[in-house]
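Visitor: Dumping the structure here so I can ask a few things about it.
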Amino acid sequence: MSDTQTNSSVAFVQTEQIPASPPPASEVGIINWLRSNLFYSIPSSVMTLLAIAFIYWLSSIILPWVFNGVWDASSIRDCRDQLQGATGGCFAVISERWPQLIFGNYPADEYWRAVLALIGLFVALAPVLFFNLPRKMLWFTGLFPFIAYWLIWGGSLWVSIFALVGVVAGFFVFRALSERSFFGAIVAGLFATLLFWIFLTPTLANALSAVIPLTLVSVESRFIGGFMINFILGTSGIALSLPLGIALALGRQSNLPIIKGICVVFIEFIRGVPLITLLFVASVMLAYFLPPGTTFDLVLRVIIMVTLFAAAYIAEAIRGGLAALSRGQYEAADSLGLDYWQSMRLIILPQALKISIPSIVNIAIGLFKDTTLVSIISMFDVLGMIQGPILSSTEWFGVYWELLAFAGLLFFVFCYGISQYSQWLERQLNTGHR
Amino acid sequence: MAMTDQAPTMTVSDEVAIEIQKMNKWYGQFHVLRDIDLTVYRGERIVICGPSGSGKSTLIRCINALEEHQAGSIEVDGTLLSSDLKNIDKIRSEVGMCFQHFNLFPHLTILENCTLAPIWVRKTPKKEAEETAMHFLEKVKIPDQANKYPGQLSGGQQQRVAIARSLCMRPRIMLFDEPTSALDPEMIKEVLDTMIELAEEGMTMLCVTHEMGFARQVANRVIFMDAGQIVEQNEPEEFFSNPKSDRTKLFLSQILGH
Ligand SMILES: Nc1ncnc2c1ncn2[C@@H]1O[C@H](COP(=O)(O)OP(=O)(O)O)[C@@H](O)[C@H]1O
Ligand SMILES: [Mg+2]
């Protein structure tokens, strides 16, 4: 003890702070890291060695296959001749057939339209994904679906223009009524848009394209295939299912028994049915219910089914987020005089959505990958393309691994991108609470 | 707490701010509030105390319709509280409320917390709303925190922001539900000082609190509630020195006697 302790009645008082000690040796250095993480006991050393052996074995198969691959050949036979028995992938099938894998049977002269639509998509998404970009860019985001439709399916630009006019008309109906009842105004607005599309858009578009054509070569849905169709289904499905999912989640919380009931039945029904069943319904059954003579595009039908499917799951994810908010948030919003829709939009949903980001992203990624199920209802998406035209051709009969690896890589790039974005977003939205 | 007797400078008019008559409320089978009669005059500061579960929170939450009452009437500034949404919105925009757990919006900055309701409910232009918000943040002495998020502030600071947020709506009546009971002792004073200042400016206040020093200094009237009833009400001096009912005596001995 210290010699300052002269007065025995005073308890011990420490007069200086204990200086920081250097970290123990196990916290620094590579050798120590290895020892404390990989070889800290006999079983751990055995596991480490086994794992290394496994990794070595796996790479000794995969690496030669990748790096010794043949990229230039006219057929599988040609590949085998070039390899002369050595291991190596026949990637020539990809360099030969990539347009089919990406665009399906889309006319080659029109590929630029699809590429332009893809670039446009990224421009349109940018202000949604990164909110410090200028808000004016959202105007383009709003126009993009109509532009993209015209670019991909072609035909008259007037169809897109009057579809857009229909939306604007719906918006004005909404605006006119929103003072009275926000919910009623939404329903009326959607209804107005739908009526406009059904009754006015075709006639007006026909009339005006007779005067000023503005047409691109029209491409039928059955020619759209490859990864392009996965991408179209995935992005439209995600973009449409998010608002629908939010509406369902709020509806499920509603005090109005009818709205609540409809939402609960819808969500539980969709969650209880496999997606592939819904897709079969879209491909065959829906035609029975439609008035004869109406053509209702298969791609559109599939988009609707995929959207409904994902929306039910998103609704449940958001419900989890809503449940995590304290009642105090609702009460504070109420006590400040915010009405239901204001408090939902400004207070409740931003927080609930933030909490549900990981689950929503999970659903979005799942939805994107599930779009490959359309190959079962004989749409030629990337897997449909591989299984159908490519593998059954005489040149590339039996080149499974290379093609599937390529398809896998395409999906991986986008899904990994989505996942990285969501993690970035979560960090951005972290305001230091919780 | 250094106290100066401010009471004489604070005036109470004979204009009625809140009129509650024969109000009853049930939670299912449970009779929480029984025959509440209460008249609050403009400029009056009322402190409500009573044991936990006696219905204090429920009473003041009925005043801005966070809870629905089933019988009797509540009139705020001459507007009758009914299930008519128009009336509820009108009353809520005139009555500010502070909660025990602050209930700031964690995803918005302090400034945004304060400007949100003026912008969306009162349709105040953003710039003007921000000026008002800064004015009240200065009043509660935290203008320098305006761009932080609630999670970065201490409890006392958060509660003062919550008060400023309510004041930005320019309410004519303020309700407080145990504003200091979730705070660490050293932060209680800063919040009480803010409330005292508010009282000095003549705000009509209804305050559920067990801070008896605050009650003595600021209140015109102390109300004691037990089992859903108003048991006793009196001027603070009289209430503390000469409680009438046994239940009040017991309560005061418990709360002051530790
Ligand atoms: N939402 C509710 N549902 C059912 N009972 C409730 C509810 N809120 C409060 N109570 C009950 O009502 C009584 C009064 O509650 P409260 O007003 O919060 O009391 P105080 O604020 O005086 O402590 C308590 O017994 C409480 O358990
Ligand atoms: Mg309480």
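The values are calculated or read from the model by the stated rules, or taken from the named source; none is laboratory data. As the structure is a computational prediction, the values presented were derived from the model and not from experiment. Heads up, the Cβs are rebuilt from the backbone with ideal geometry, glycines too, and the neighbour counts pull from every protein chain shown. Calculation scope for accessible area: heavy atoms of the full protein, side chains included, ligands and nucleic acids excluded. Shrake-Rupley method; radii C 1.70, N 1.55, O 1.52, S 1.80 Å.
Visitor: Check B:232, B:237, B:211 and return the single one that is farther than 30 Å from residue A:351 by Cα and surrounded by fewer than 18 Cβ atoms within 10 Å (Cβ to Cβ). Show your work before the answer.
Guide: Details: B:232 fails: surrounded by fewer than 18 Cβ atoms within 10 Å (Cβ to Cβ); B:211 fails: surrounded by fewer than 18 Cβ atoms within 10 Å (Cβ to Cβ).
None of the other options fit; the residue is B:237.
Visitor: May I pose another question? For region A:367-382, what are the residues that are in a helix (DSSP H, G or I) and under 15 Å from residue A:232 (Cα atoms)?
Guide: Step one: filter region A:367-382 for residues in a helix (DSSP H, G or I), giving A:367-377, A:382.
Within region A:367-382, A:367, A:368, A:369, A:370, A:371, A:372, A:373, A:374, A:375, A:382 meet the criteria.
Visitor: Take residue B:138 and decide whether it is in contact with a Ser or Thr (Cβ under 9 Å, 6 or more places away or on another chain) and open to solvent by 40 Å² or more (accessible area, probe 1.4 Å).
Guide: Values: in contact with a Ser or Thr (Cβ under 9 Å, 6 or more places away or on another chain): no; open to solvent by 40 Å² or more (accessible area, probe 1.4 Å): yes.
The answer is no for residue B:138.
Visitor: Taking the conditions exactly as written (away from chain A (no Cβ under 14 Å) and closer than 21 Å to residue A:335 by Cβ), does residue B:162 satisfy them or not? Give the steps one after another, and end with the answer.
Guide: Numbers: away from chain A (no Cβ under 14 Å): no; closer than 21 Å to residue A:335 by Cβ: yes.
So residue B:162 fails the test.
Visitor: Just wondering, is there one or more residues in region A:338-359 that are away from chain B (no Cβ under 14 Å), in contact with a Cys (Cβ under 9 Å, 6 or more places away or on another chain) and under 30 Å from residue A:412 (Cα atoms)?
Guide: no
Visitor: Here is a follow-up. Filter the helices (runs of 4 or more DSSP H) completely within region A:234-341 down to those with at least 3 residues that are free of Cβ contacts under 8 Å to residues at least 60 places away in the same chain and open to solvent by 40 Å² or more (accessible area, probe 1.4 Å).
Guide: Working: elements: A:257-271, A:275-280, A:286-289, A:298-324, A:327-335.
Answer list for region A:234-341: A:257-271, A:286-289, A:298-324, A:327-335.
Visitor: Let me ask something additional. Just need a number here: residues in region B:65-104 that are part of a strand (DSSP E or B), open to solvent by less than 60 Å² (accessible area, probe 1.4 Å) and more than 11 Å from chain A (Cβ to nearest Cβ). Before the answer, list the steps.
Guide: So in region B:65-104, the residues part of a strand (DSSP E or B) come out as B:71-76, B:79-80, B:95-98.
So of that shortlist, the ones also open to solvent by less than 60 Å² (accessible area, probe 1.4 Å) come out as B:71-74, B:76, B:79, B:95-98.
Remaining after also requiring more than 11 Å from chain A (Cβ to nearest Cβ): B:71-74, B:76, B:79.
Summing the residues that are part of a strand (DSSP E or B), open to solvent by less than 60 Å² (accessible area, probe 1.4 Å) and more than 11 Å from chain A (Cβ to nearest Cβ) in region B:65-104 gives 6.
Visitor: Just the residues that are away from chain A (no Cβ under 14 Å), touching a residue at least 40 places away in the same chain (Cβ under 8 Å) and within 15 Å of ligand 1 (Cβ to nearest atom), please, taken from region B:172-210.
Guide: The answer is B:181, B:207, B:208, B:209, B:210.
Visitor: Turning to a different aspect of this structure: When residues of region B:14-50 are filtered for being within 10 Å of ligand 1 (Cβ to nearest atom), under 17 Å from residue B:74 (Cα atoms) and in contact with a Lys or Arg (Cβ under 6 Å, 6 or more places away or on another chain), how many remain?
Guide: 2
Visitor: I've got another one for you. Open to solvent by less than 40 Å² (accessible area, probe 1.4 Å), within 31 Å of the chain's Cα centre (by Cα) and at pLDDT below 90: does that describe residue A:117? Before you say what the answer is, go through the steps one by one.
Guide: Details: open to solvent by less than 40 Å² (accessible area, probe 1.4 Å): yes; within 31 Å of the chain's Cα centre (by Cα): yes; at pLDDT below 90: no.
Taking the combined requirement at face value, the residue does not satisfy it.
Visitor: Show the residue pairs that are 6+ apart or on different chains and have beta-carbon atoms under 7 Å apart, the first residue being within region B:143-160 and in contact (Cβ under 8 Å) with a residue 12 or more places away in the chain and closer than 12 Å to residue B:114 by Cα, the second being surrounded by fewer than 21 Cβ atoms within 10 Å (Cβ to Cβ) and among the acidic types (Asp, Glu).
Guide: These pairs meet every condition: B:160/B:190.
Visitor: Given the conditions (1) among the charged types (D, E, K, R); (2) away from every other protein chain (no Cβ under 14 Å); (3) touching a helix residue (DSSP H, G or I) at 6+ places or on another chain (Cβ under 6 Å), which single one is not true for residue A:316?
Guide: Residue A:316 satisfies all of (1) among the charged types (D, E, K, R); (2) away from every other protein chain (no Cβ under 14 Å); (3) touching a helix residue (DSSP H, G or I) at 6+ places or on another chain (Cβ under 6 Å) except (3).
Visitor: Okay, moving on. Which members of region A:204-233 meet the condition of being assigned to a helix (DSSP H, G or I) and out of contact with any Phe, Trp or Tyr (no Cβ under 9 Å at 6 or more places or on another chain)? Give the steps one after another, and end with the answer.
Guide: Here is the first cut: in region A:204-233, the residues assigned to a helix (DSSP H, G or I) are A:204-211, A:221-223, A:226-233.
The answer is A:210, A:211, A:232.
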